[in-house]
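Values in this text are rule-based calculations from the coordinates and carry no lab data. From a predicted model like this one, the values you see are computed outputs, not experimental measurements. Cβ sites come from the backbone with ideal geometry, for glycine too, and all protein chains shown count toward neighbours.
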Amino acid sequence: MDLTALPFNQLVGLRKSEQKEVLLKLSFSPKVGNHLGMVHAGAIYTLAEAASAAFLVKHRGKRTNVGGVVCKASSKYSAPGKTTLRAYSDLAPAEVTAAIAKVDERGRALLSVPITIRTRDAIVGQFVFEWLLGLQEDD
């Protein structure tokens, strides 16, 4: 599933990255800027949420019949974003595998995916998205 192809993510301008460890990125532009000339907090949140989904998609492997919805989220903004923002997660991919095993056993599972948004020089924000995972039709 290409999360950058979703209409809302296209509207905001989310893009894939050539860097393996970067889940998604967002470049500053006037359409995502706020009144202070920085990336709007809503655009940063959108990047983080989509990156958490990208992490799940990337690490679920061939299990395209496992998906989910965000049921809880937390956010902490710590620096302005004025350039290209990149999204990362330090969650071990094995956590996704374990959550999928719970879905197979119980029909659903919760998985918290931490996301860090960075510029080249600073952490812009840290987020945690709790996903309710379950079986779904293949993509």
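Data for the structure
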item: Ranked packing of 14-24, 43-53, most packed first, by mean Cβ within 10 Å; result: 43-53, 14-24
item: Where Rh is the Kirkwood radius over Cα pairs, Rg/Rh for the chain; result: 0.98
item: Helix 41-59 vs. the chain, principal-axis angle (Cα, 0 to 90°, nearest 10); result: 30
item: Crossing angle, helix 93-106 versus the chain [Cα axis fit, 0-90 degrees, rounded to tens]; result: 40
item: The stretch 5-44: proportion of alpha-carbon pairs further apart than 11 angstrom, %; result: 64
